[in-house]
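Notes to accompany the following structure.
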Amino acid sequence: MVDVLTEAQRQLNMSRIRGRDTKPEMLIRRGLHARGFRYRLQDRSLPGRPDLVFPRYKTVILVHGCFWHGHDCPMFRLPATRSEFWAEKIVANQRRDTIAHEALLSLGWRVLTIWECCLRGKGRIPINKVLDICVNFLQEGETAKTLSGMR
Ligand SMILES: [Zn+2]
């Protein structure tokens with residue numbers, strides 16, 4: 001019985017972590033939509049299938065979960081059970097992220113990476129400020145930028 005519950009809980013946790021409409025991503029999507037920006041979601045034709053694609057600005061925004069993408073931050077903690085399995089999985093994800101990031105840049109796309117910890121948890125940045133940064137990035141023409149939570 002305990003195992004069943006644990007498994008159910010684990011699946012619930014995973015669905016939260018991996019879900020397409022994860023809350024941090026929805027905050028960005030809703031906020032930018034409200035500010036008049038239109039985007040495509042998870043464009044399969046681009047490396048790494050970026051979360052949000054703004055063709056007019058030749059820009060993508062990636063919203064990375066700190067666990068799943070292995071962020072070096074207080075929100076990342078390797079699970080105590082099957083830690084080797086998770087470590088391998090996350091390292092593979094990081095490798096994939098790096099490759100996709102470089103490929104996007106080499107194709108002339110600009111890339112804004114937003115880590116979950118700047119939207120959730122102790123170090124979060126007010127959402128309006130995060131959205132301002134997104135808008136500035138879209139309009140100002142920097143090549144790449146990463147947004148993390150405050151430490
Ligand atoms: Zn983080």
Nearest 10 degrees, 0 to 90: helix 23-34 Cα axis against the chain principal axis:
20
Just the number: Rg to Rh for the chain, Cα atoms, Kirkwood Rh, two decimals.
0.99
Which of SER106, SER83 is most accessible, then next, and so on - probe 1.4 Å:
SER106, SER83
Take ILE61, ILE127, ILE133, ILE99 and sort them by solvent-accessible surface of the protein heavy atoms, 1.4 Å probe, largest at the top.
ILE99, ILE127, ILE133, ILE61
Along segment 103-120, what does the Karplus equation 6.51 cos²θ - 1.76 cosθ + 1.60 (θ = phi - 60°) give for ³J(HN,Hα), rounded to whole Hz, x for Gly and Pro?
5, 4, 4, 5, 8, x, 7, 9, 10, 10, 9, 10, 7, 3, 5, 8, 10, 9
Charge tally in the Cβ shell below 12 Å around LEU46, where Lys, Arg are +1 and Asp, Glu are -1, LEU46 excluded
+2
What order do ARG40, ARG49 take when sorted by accessible area (1.4 Å probe), most exposed first?
ARG40, ARG49
So how exposed is GLU142, as accessible area in Å² (1.4 Å probe, rounded to 10)?
80
If one takes the longest principal axis of the Cα atoms in the chain, at what angle in degrees, from 0 to 90 and to the nearest 10, does the Cα axis of helix 2-18 lie?
10
Whole-number accessible area per residue in Å² for segment 20-147, which is evaluated in the context of all protein chains at 1.4 Å:
57
Taking Cα atoms, the helix 127-140 axis meets the longest principal axis of the chain at an angle in degrees (rounded to 10) of 50
As a test question: what accessible area, to the nearest 10 Å², does ARG82 have when a 1.4 Å probe is rolled over all protein chains in place?
130
If I compute solvent accessible area with a 1.4 Å probe over the protein chains, what percent of it on the chain is carbon and sulfur?
52
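The values are calculated or read from the model by the stated rules, or taken from the named source; none is laboratory data. This structure is a prediction, so every number in the text was calculated from the model and none was measured. In this analysis, Cβ positions are derived from the backbone assuming ideal geometry, glycine residues included, and neighbour counts consider all displayed protein chains. When the accessible area is computed, the model is the full protein with side chains, heavy atoms only, and any ligands, DNA or RNA have been set aside. Shrake-Rupley method; radii C 1.70, N 1.55, O 1.52, S 1.80 Å.
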